[in-house]
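Everything below concerns the one structure shown next.
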Amino acid sequence: MATLHCLTGCAIGEILGMILGTALGLAAGTTVALSVTLAFISGYALTMRGVLKAGLSPRQALKVALAADTVSILFMEILDNTVMVTVPGAMDAGLADLLFWGALAASLVVAFIVTVPVNRWLIARGKGHAVVHAFH
């Protein structure tokens, strides 16, 4: 569940950043930076939501989210933004273009496929999302 929250939060931020950057006509690098920033914020926020319900203080919840999600979000962001930047024309496509949405969907699938085993490896060693599991 913790892994799902992290990946969902990351995807929400990534998609929102790509939509905003494209709609505002931002440069590709600025759009990627916006997407990465929003992915970290939304990924941490979803994890914090769950641990706050378990009774942790906001400060404790932030520490848990940082410990649990940073590696996962980092991997996901490297992968999905690499796909978006390397698909020819994807970063220049508009919101009405199938290329934009197809590349974005493919980038998230690639990131998910690679990040889930990374998360499993971390959990098996008591790291990453294993830190959050105690609070669910």
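Read the figures in this text as sums done on the coordinates, not as results from a lab. Nothing here was measured: the structure is a model prediction, and the numbers come from that model. Counting neighbours? That spans all protein chains shown, and the Cβs are built from the backbone with ideal geometry, glycine included.
A few notes on this one:
- Neighbourhood net charge (13 Å Cβ-Cβ; Lys/Arg +1, Asp/Glu -1) for residue 73: -4
- Total formal charge among the other residues, if their Cβ is under 12 angstrom from that of residue 7, Lys/Arg +1 and Asp/Glu -1: -4
- Rg ratio for region 53-115: its Cα radius of gyration over 2.2 N^0.38 Å, N being its residue count, equals 1.50.
- Sequence-separation-based contact order of region 2-133, relative, with Cα cut under 8 Å and 6+ spacing, percent: 28 percent
- For region 1-68, average projected area of the Cα convex hull in nm²: 4.5 nm²
- Estimated from helices alone, the mean residue ellipticity of the chain at 222 nm is -27500 deg cm²/dmol (sum of -39500 (n - 2.57) over DSSP H runs with n ≥ 4, per residue).
- Multiplying the residue separation of residue 54 and residue 37 by 0.36 nm and removing their Cα-Cα distance gives an extension gain of 3.5 nm.
- Separation in nanometres of the label points that stand 7 Å from Cα toward Cβ, at residue 113 and residue 92: 2.7 nm
- Binning all Cα-Cα separations of the chain at 10 Å, short to long from zero, yields these whole-percent fractions: 14, 43, 28, 14, 2.
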